[in-house]
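Novice: One structure follows; several queries about it will come next.
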Amino acid sequence: MTTPPTAHHPTPGARPTTEPKLTEPPTPEPTRSARAHSFNTAAAQYAANRPSYPPALFDAIEDLAGHPLPGSRVADIGAGTGIATALLNARGADVIAVEPGDGMAAQFRRTLPAIPLVRGTGDDLPLATASLDFVTYAQAWHWTDPARAVPEALRVLRPGGALALWWNTDALDVPWIAEAAARTARHFSIDISAEKRNVNAQAADPTGRLDFTRRTVRWSRRVPVDTHLANIASHSVFLVHGEEHTASFLAAEREHLLRAFPDDFVEEVYEVVLLLAKTKG
């Protein structure tokens with residue numbers, strides 16, 4: 001057996017000249033699965049504080065699909081607490097929701113008891129073939145495996161149907177939002193700007209089977225600082241990093257924001273990034 005050239009073997013019986021250094025093992029990064037399931041512990045917080053979506057988003061979906069939402073059969077996948085599902089229903093669509101998480105599904109049923117909900121994932125849709133006009137994913141496509149989710153979406157869509165994916169992304173050209181994002185990035189060692197870079201057709205469908213059209217809709221909402229903090233704390237990066245680590249950030253962030261906004265209100269500015277692909281008619 002050979003040993004690496006850096007290995008040191010003391011003479012038998014001799015005392016080592018230095019004590020070995022004891023170091024803490026690095027904290028493992030949360031797995032993708034852990035992040036995906038983290039929302040189930042914060043479903044009520046998610047429902048109460050997450051932003052909605054503007055009417056212009058649904059105008060864009062109809063425009064790109066060339067088909068109205070009213071009267072359409074729609075499946076909202078990864079429906080969570082039902083934020084997008086409720087808006088699709090209010091638009092006049094005939095909606096069925098698909099959600100895998102226990103906590104999120106329970107919150108959905110409390111909020112939207114009249115809308116059907118089935119348990120499942122985008123990688124294995126519990127839906128009939130060629131039964132839908134739209135398949136939608138609000139803040140959820142990134143939890144799928146596109147190699148499985150793309151064929152499933154194509155299977156359940158009718159000819160001429162549309163797959164619509166969208167994300168609320170922070171408007172990083174707004175100074176206070178950029179500064180807050182930088183603080184978050186430092187505290188949690190993440191790349192905030194990667195969120196927008198990864199919202200593109202190549203990432204959504206690495207196989208290139210779908211021909212996505214991209215549309216961006218800018219909007220905002222004015223909320224109390226505590227609502228804003230509860231909103232960001234409902235994101236998976238906060239939920240999986242431990243209560244103490246998250247609480248220390250939120251306390252410091254609250255002080256930053258109240259210095260900048262002494263009236264206790266912030267205007268969250270978003271750019272909804274929409275990717276829509278139609279099936280062949």
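Novice: Determine the gain in length on full extension of the stretch D191-T111; use 0.36 nm per residue of separation and subtract their C-alpha separation, reporting nm with one decimal.
Specialist: 25.4 nm
Novice: Using heavy-atom solvent-accessible surface (probe 1.4 Å) with all chains present, what is the largest-first order of W143, W166, W219?
Specialist: If we order W143, W166, W219 from most to least accessible, we get W143, W219, W166.
Novice: Determine the gain in length on full extension of the stretch R222-H67; use 0.36 nm per residue of separation and subtract their C-alpha separation, reporting nm with one decimal.
Specialist: Length gained between R222 and H67: 52.6 nm.
Novice: Provide the per-residue ³J(HN,Hα) series for region 247-261, in order, calculated from phi with Karplus coefficients 6.51, -1.76, 1.60 and θ = phi - 60°, each as a whole number of Hz, with x at glycine and proline positions.
Specialist: Along region 247-261, the couplings run 4, 5, 5, 5, 5, 5, 5, 4, 5, 4, 5, 5, 5, 7, 10 Hz.
Novice: Can you give me the long-range amide H partners of G160? Hydrogens built in the peptide plane at 1.01 Å from N, cutoff under 5 Å, separation of 5 or more residues or another chain.
Specialist: T279, K280, G281
Novice: At 1.4 Å probe radius, can you tell me the per residue accessible area of region 57-100 in Å²?
Specialist: On a per-residue basis, region 57-100 sits at 30 Å².
Novice: Would you work out the charge dipole size for region 129-234 about its Cα centre, treating the Cβ of every Lys and Arg as +1 and the Cβ of every Asp and Glu as -1, and quote it to the nearest 20 debye?
Specialist: 160
Novice: So what are the ³J(HN,Hα) numbers for region 63-68, from phi and the Karplus equation (6.51, -1.76, 1.60; θ = phi - 60°), rounded to whole Hz, Gly and Pro as x?
Specialist: Values per residue, Gly and Pro as x: 5, 6, 7, x, 8, x Hz.
Novice: A further question follows. Rounded to the nearest 20 debye, what is the charge dipole size of region 229-279 about its Cα centre when +1 sits on each Lys and Arg Cβ and -1 on each Asp and Glu Cβ?
Specialist: With only Lys, Arg, Asp and Glu charged at Cβ, the dipole is about 280 debye.
Novice: Still on this structure: With a 1.4 Å probe and every protein chain kept in, tell me what percent of the accessible surface of region 72-157 is carbon plus sulfur.
Specialist: Solvent-exposed carbon and sulfur of region 72-157 make up 54 percent of the total.
Novice: May I ask for the net charge around I83, where only other residues with Cβ less than 14 Å from the Cβ of I83 are counted and Lys, Arg are +1 while Asp, Glu are -1?
Specialist: With Lys, Arg at +1 and Asp, Glu at -1, the net is +2.
The values are calculated or read from the model by the stated rules, or taken from the named source; none is laboratory data. All figures in this text were calculated on a predicted structure; none of them were measured in a lab. FYI the Cβ positions are ideal-geometry reconstructions off the backbone, even for glycines, and counts take in every protein chain you see. The protein model used for the area step is the full one, side chains on, heavy atoms only, and it has no ligands, DNA or RNA in it. Shrake-Rupley method; radii C 1.70, N 1.55, O 1.52, S 1.80 Å.
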